[in-house]
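Beneath this line is the structure, given in structure tokens, with notes to follow.
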Amino acid sequence: MNQLKEILCANAENYWGEVDTTFQDVARLFSRLQDARSTQGGAALCVYFKGRKVLEICTGQKSTDEKWQSDTLSICYSTGKGVLATLAHILVSEGLINYDVPISHYWPEFAKNGKHHITLRHILSHQSGLYDIRNNIDQAVEMANWPHMLQVMERMTPRFGLGEDMAYQPLTFGWLVGGVLEKATQRSLSELMQQYLVQPLALDGAYFGVPHDQLERVARLLPKVSRLNHADKQKSSQPSKPRKVSPLDKLIELSGQNPQDFQDAMIPKGMKHFSFFSDEGMQAVIPAANGAFTAASLAKMYAMLANHGVWNGQTLIKPEVFSLLSTIQSKKRDRIMPLPMHWRLGYHRVLSLGKSSNGFGHIGFNGSGAWCDPARDLSFAYTHNFPTGSLTGDYRLWALTQEVLRCADQLLIGKKGWF
């Protein structure tokens with residue numbers, strides 16, 4: 001209730017940047033959603049419609065003494081999976097790799113432990129069974145070592161057979177996809193990113209492993225303001241009680257999902273000794289979790305996808321490849337995610353507050369997200385540095401998506417509508 005009151009009473013003009021009048025309602029909602037917490041962090045939003053940037057705004061703090069700017073990079077967690085998948089589709093279009101050739105053809109060491117027949121399609125659609133990170137490394141800090149993690153992928157054993165099930169690969173996705181792209185081309189992931197994605201789209205801010213000279217552009221988590229009084233401090237110093245089973249845990253078990261699958265996929269051992277926001281964490285290549293992007297770069301990449309793989313007259317993704325990448329592979333709920341994601345090849349469905357879309361994209365654990373809607377020729381990207389966490393994004397992401405879709409429909413069909 002307090003959050004609703006904060007939104008209703010918020011400043012609707014607490015942002016800076018450029019807004020087309022037809023998307024002004026999106027900007028005002030963005031401001032209302034961020035206003036009450038704008039001293040605790042910052043955020044950016046960018047939208048393309050019919051190949052034209054119609055909104056690029058930001059608000060709040062990049063750091064304790066710097067405002068968020070249009071070139072501010074944000075650690076976007078799983079939002080980066082959509083970027084890595086897009087790179088893979090471009091390389092498929094270039095004939096450098098094939099969705100259905102076994103990965104072991106490009107990467108012979110990968111065939112160990114029953115992985116002979118796993119393909120790029122299986123990985124992109126989360127059907128490989130290779131989602132367990134917790135039981136395959138001893139400490140989270142190992143994730144910062146790219147060659148080592150490729151060897152870990154080689155040794156892994158699938159948790160189920162091909163075609164038997166689906167399980168979101170929260171962390172392993174990046175080494176699996178990035179690894180096979182490197183092996184197939186004999187080039188580094190950073191080189192592939194630059195040649196096939198960053199340069200053709202003229203992106204200013206898209207990294208898997210932030211270069212040292214770009215670290216100052218990255219928004220960090222702001223220090224928390226302590227509000228503990230004396231009694232709270234005494235209470236917090238006492239030994240903590242074992243965590244109670246939450247209603248969500250019970251609901252997951254009743255629904256047939258196994259909480260152990262979630263833990264094995266999402267929580268490496270020793271995370272308290274590793275941070276994605278440390279210099280080491282940001283410079284490491286962990287494509288499923290630590291991609292650093294500006295909202296503008298994400299929105300522009302998805303604007304290319306909204307235009308069926310074409311940008312400024314250049315075809316990055318061939319029509320036949322675009323048709324494959326955007327086809328839903330399954331509508332059932334997988335072992336990890338709490339709701340059906342309608343997995344495509346590296347993307348999932350657009351999540352809103354009711355407005356329907358046949359588009360696709362990817363959200364991150366911190367509530368960042370980016371997507372495209374080819375039917376509307378529309379793309380969206382939202383980034384921030386607030387300390388939030390949710391598998392399906394927080395309500396701000398869903399609400400902003402909803403309003404962007406509504407404003408586009410006002411232009412396309414003459415009415416916003418809610419559904």
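Values computed for the structure shown
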item: Ranked list, fewest to most other Cβ atoms within 10 Å of each Cβ, for Asp100, Asp25; result: Asp100, Asp25
item: In the range 151-218, GluC sites (Glu not before Pro) in a DSSP loop with at most 14 other beta-carbon atoms within 10 Å; result: Glu164
item: Rg and Dmax of the range 326-409, Cα atoms only, in Å; result: 12.3, 35
item: Members of Lys81/Lys318; Lys115/Lys332; Lys81/Lys300; Lys50/Lys416 lying beyond 22 Å, as alpha-carbon distances in this model show; result: Lys115/Lys332
item: The range 277-317 and the range 1-80: distance between their alpha carbon centers, rounded to Å; result: 19
item: Share, in percent, of DSSP beta bridges within the chain that are antiparallel, nearest 5; result: 95
item: Options Ile328, Gln3, Gln169, ranked by Cα towards positive dipole end of the chain, top entry (Cβ charges); result: Gln3
item: Solvent-free Debye scattering, log10 I(q)/I(0), computed from the Cα coordinates of the range 170-218 at q = 0.13, 0.32 Å⁻¹; result: -0.35, -1.13
item: Cα shape, the range 118-226, gyration tensor, a/c 1.5 rule; result: oblate
item: Pairs of alpha carbons in the range 272-320 whose separation is greater than 17 Å (percent); result: 54
item: Ellipsoid semi-axes in whole angstrom, largest first, where each is sqrt(5λ) of the Cα gyration tensor of the chain; result: 31, 28, 21
item: Rg over Rh, two decimals, the range 1-136 (C-alpha only, Kirkwood Rh); result: 1.15
item: If the convex hull is drawn through the Cα atoms of the range 65-111, its volume per residue in Å³; result: 128
item: Column: log10 I(q)/I(0), Debye, Cα scatterers of the range 29-83, q = 0.12, 0.13 Å⁻¹; result: -0.33, -0.38
item: Expected 222 nm ellipticity per residue - DSSP helices of 4 or more, -39500 (n - 2.57), all of the chain, to 500; result: -9500 deg cm²/dmol
item: Nonlocal amide H pairs with Val218, under 5 Å, H built at 1.01 Å; result: Leu73
item: Trypsin sites (Lys or Arg not before Pro) restricted to the range 369-419 and DSSP loop, no more than 14 other C-beta within 10 Å; result: Lys415
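Values in this text are rule-based calculations from the coordinates and carry no lab data. Just so it is clear, the model here is predicted, and its values are computed rather than measured. In this analysis, Cβ positions are derived from the backbone assuming ideal geometry, glycine residues included, and neighbour counts consider all displayed protein chains.
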